[in-house]
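Undergrad: Take a look at the following structure, please.
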Amino acid sequence: QVQLVESGGGLVQPGGSLRLSCAASGSGFSIYNMGWYRQAPGKQRELVATITSRGATNYADSVKGRFFVSRDNAKNMVYLQMNSLGPEDTAVYYCKVWLVKSYWGQGTQVTVSS
């Protein structure tokens, strides 16, 4: 059973930065796609950023140039560096890994507020 555990969320002031981490249990994740999604109150879950097994990245337009996704296959980790955060980035952030089947983490809350 694959398990994903996110960390790094919290309260940050507008303009600040946070780095989210997601640790995946098991092995073989180097061939998996990995990524981050978020869900704000009253809204649907949306894609934030993804990274393929070969390192190709994809970002939502709303975070391009501010957020950066990376992975460490040796550690079964995926990261999301978030810069220039604004109140619109407030949401629960979820880690996802997938190949044929998808797996989700439990989410970590990010709140951007002064």
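The values are calculated or read from the model by the stated rules, or taken from the named source; none is laboratory data. Everything quoted here is computed from the prediction, not taken from an experiment. All Cβ positions, even for glycine, are placed from backbone atoms using ideal geometry, and neighbour counts span all protein chains on display. Areas reflect the complete protein model, heavy atoms only, side chains present, ligands, DNA and RNA absent. Shrake-Rupley method; radii C 1.70, N 1.55, O 1.52, S 1.80 Å.
Undergrad: Specify the residue that is nearest to the chain's Cα centre (by Cα); the eligible residues are those in segment 71-91 that are under 11 Å from Trp36 (Cβ atoms) and of a type in the set (A, V, I, L, M).
TA: So, considering only residues that are under 11 Å from Trp36 (Cβ atoms) and of a type in the set (A, V, I, L, M), the one nearest to the chain's Cα centre (by Cα) is Leu80.
Undergrad: Which of the residues that make up segment 23-40 are touching a residue at least 24 places away in the same chain (Cβ under 8 Å) and not aliphatic (A, V, I, L, M)?
TA: Hits for segment 23-40 are Ser25, Gly26, Ser27, Phe29, Ser30, Tyr32, Asn33, Gly35, Trp36, Tyr37, Arg38, Gln39.
Undergrad: May I pose another question? Return the total of residues in segment 22-40 being in a strand (DSSP E or B), closer than 13 Å to Lys75 by Cα and open to solvent by 20 Å² or more (accessible area, probe 1.4 Å).
TA: Number satisfying all stated conditions: 1.
Undergrad: With the checklist (1) open to solvent by 60 Å² or more (accessible area, probe 1.4 Å); (2) in contact (Cβ under 8 Å) with a residue 60 or more places away in the chain in hand, flag the one item Arg45 doesn't pass.
TA: Unmet for Arg45, out of (1) open to solvent by 60 Å² or more (accessible area, probe 1.4 Å); (2) in contact (Cβ under 8 Å) with a residue 60 or more places away in the chain: (2).
Undergrad: Being surrounded by 15 or more Cβ atoms within 10 Å (Cβ to Cβ) and not in a strand (DSSP E or B) is the filter here; which residues of segment 51-96 pass it?
TA: Listed by number, the residues that qualify are Ala60, Val63, Arg66, Asn73, Asn76, Leu85, Asp89, Thr90.
Undergrad: Limited to segment 97-114, what total is found for residues that are under 27 Å from Arg54 (Cα atoms) and open to solvent by less than 30 Å² (accessible area, probe 1.4 Å)?
TA: Total satisfying the criteria: 4.
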